[in-house]
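Written out below as structure tokens is the structure these notes cover.
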Ligand code: AQP
């Protein structure tokens, strides 16, 4: 049986951006057919960076609403902080990890030079491994930035199996989409990120059409007057815009290039605006509707989903606890 676990942090306002959507969320409804699946609002991970406690529940609600509006079945969504078994397994896993291994995590290396960085930045990949292994997951849909963390989860699963002397845990594998790294539309050498200093390069599912149009109009393009050539010959900035269009419209990048031959870069932007308004605005409207009129429904989904997740997680962690010689 395929067991799928994935998650998204309710950082920033809680709204996913185009990278989260195209790199992970959009693929979930298709992937989970005939699998057991758990989709987590990773609110505890969101506390590893600066956060506002009075805002966190609201941003978590917005993330859950976005998942539902994007087509994730409402009964598989849960909140990480409602399933404390993850923390218990994280402790056991942390005793199997080495300090050197944790310090080699790219995200830690990238951010650890910033002043006042918290211990959570070093330890959170272990909690992420526990998020995955407490469901005995086989498959983790994620963007490419999470590859190393899924590999850590696989390594810790092997170490735990080794310790208990049997292959109890599945070795989880990441599942990437065709385009697992969407870049910032202003700074195409940087991954699109909620924490980006300049938010004009980040397209959110909750952006109004006016805001999205404004951001798209400012997007970095090319100095050439007209669009020529195929996908492989384009600059990174143009490739990124083409990828977003092709993913939204579900056509190939070659098809996008064919449609744009001899046209201006403003036509490329107009094509993105029209794809955005056709495919993202209906999602935004659903999110707005739920957040304005039906928060109790979102809360009920999170409640029921978390109860279901806790049941599975509890039974797995109990087995692992016993196999480690702990408990009664
Ligand atoms: N730019 C991206 N392209 C493709 N996939 C992406 N993901 C994130 N950014 C991109 C994937 O989205 C899922 C949820 O990500 P997350 O919110 O849990 O954390 P993140 O990867 O740290 O995302 P951000 O936007 O960069 O958040 P901040 O700035 O708060 O750290 C994951 O599967 C991720 O790979």
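Where a number appears in this text, it was derived from the coordinates with a stated rule and is not lab data. All figures in this text were calculated on a predicted structure; none of them were measured in a lab. Here Cβ is always computed from backbone atoms with ideal geometry, including for glycine, and neighbour counts include all displayed protein chains.
Structural remarks
- With coordinates expressed along the principal axes, the C-alpha atoms belonging to region 58-146 extend over 39, 29, 24 Å, beginning with the largest.
- Peptides 32-41, 280-289, 131-140, 228-237 ordered by average Cβ neighbours within 10 Å, highest first: 131-140, 32-41, 280-289, 228-237
- Equivalent ellipsoid semi-axes - Cα gyration tensor, region 209-301, angstrom: 33, 13, 10
- Percent of Cα-Cα distances greater than 19 Å, calculated over region 224-277: 12 percent
- Adding -39500 (n - 2.57) for every DSSP H run of four residues or longer, then dividing by how many residues the chain holds, sets the calculated 222 nm ellipticity at -16000 deg cm²/dmol.
- FRET efficiency, 1/(1 + (r/R0)^6) with R0 35 Å, evaluated for residue 36 and residue 328 via beta carbons: 0.80
- Here r is the Cβ-Cβ distance between residue 285 and residue 195 and R0 is 30 Å; the resulting FRET efficiency, rounded to 0.05, is 0.70.
- Highest-first packing order for the peptide set 90-99, 75-84, 107-116 is 75-84, 90-99, 107-116, based on the mean count of other beta carbon atoms within 10 Å.
- 18 Å reach of a label modelled at residue 75, 7 Å along Cα-to-Cβ, counting backbone N of region 304-318: 304-313
- Along its principal axes, the chain has C-alpha extents of 72, 45, 43 angstrom, given from the largest down.
- Scaling against 2.2 N^0.38 Å puts the C-alpha radius of gyration of region 283-328 at 1.87.
- Least to most buried among 313, 196, 306 (fewest other Cβ within 10 Å first): 196, 306, 313
- Radius, Kirkwood style, for region 99-166 when every pair of distinct Cα atoms is counted (Å): 12.9 Å
- Measuring nothing but how far apart in sequence close Cα pairs (under 8 Å, 6+ apart) lie, relative to its length, region 161-308 scores a relative contact order of 21 percent.
- Exposure proxy ranking, count of Cβ atoms within 10 Å, fewest first, for 124, 168: 168, 124
- Cα gyration tensor of region 1-152 - equivalent ellipsoid semi-axes, whole Å, descending: 24, 19, 14
- Contact order for the chain, expressed relative to its length and based on alpha carbon pairs under 8 Å spaced 6+ residues apart, stands at 24 percent.
- Spin-label model distance (nm) - residue 294 vs residue 162, 7 Å beyond Cα toward Cβ: 4.9 nm
- Using only the C-alpha atoms, the convex hull of region 255-313 corresponds to 119 Å³ per residue.
- Percentage of interatomic Cα-Cα distances in region 144-195 larger than 17 Å: 53 percent
- Per-residue extension of 0.36 nm, minus the Cα-Cα distance of residue 144 and residue 171, leaves a gain of 7.9 nm for this segment.
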